[in-house]
Amino acid sequence: MTAAAVPQPRAEHEPSAPVARGRRSSLAIALLAGALGAALVLLATSRKWAEGTASVAQGSLSQSANGDDITGLPGALAVVGLAALVAVFAVRRLGRGVVAALLALCGAGIVISSALGASDKAALEEKASKVSGLTHSPIHDVAYTPWPWVAAVGGVLLLLAGVLALGYGRHWPAMSGRYERAGTAGAPARSRARRGAAASDPDRPEELWKALDRGEDPTEAPARQEAERGA
């Protein structure tokens, strides 16, 4: 009677296929949410947020204010958030956590400032004062557009990217990883590294972007490979 082969236990540091798939999915979602959120905010702040009618000596004059006229905070935070999204992959360990927190704070700040600007008419009153020459010129028939809330949605997407980076960022790859050299690596190790660099690495952010541009799911193939290794 022969003893049945006993399967070897999985190494503790090796993640299971669902865990690995979840980490890669969080990376793809964070990249898409962050980039889309920043684009929405920058687009929304360049559009008209409010309009009204100012009383002047000749009668009345229509006035309008863009998002940047009402508050420049959402647009500035969107730029900072986009830079933080890129910087997440350029740092490691504690630095990555700090940058991820900054990304989340930028998203929260955009949501708050956009919501406050959705009903602000100070910019309209300032424009009316310049037209009429009065210190406090009234503005009438004020109407607001949905663009402040579009900016708020962009802030929510940036906030989501920051939360994902805080929760999963420690497992994401770093841009600088391929430039590091192991101190004890010899010629065979360098040869293997060159061959590995020539192949498509699914953990690299730029490869994920290329797969998304082609309409492919960047998490499907790596997840299958993890399942096969775990089998």
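The values are calculated or read from the model by the stated rules, or taken from the named source; none is laboratory data. Since the structure is predicted, the reported quantities are computational estimates derived from the model, not experimental observations. Every residue, glycine as well, gets a Cβ built from its backbone with ideal geometry; the counts of neighbours run over all protein chains shown.
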Checklist entry - Residues in the stretch 1-24: is at least one surrounded by 13 or more Cβ atoms within 10 Å (Cβ to Cβ), at pLDDT 75 or above and of a type outside the set (Phe, Trp, Tyr)? => result no
Checklist entry - From the set of residues in the stretch 81-101 that are of a type in the set (A, V, I, L, M), over 16 Å from residue 40 (Cα atoms) and surrounded by 19 or more Cβ atoms within 10 Å (Cβ to Cβ), which is modelled with the lowest pLDDT? => result 88
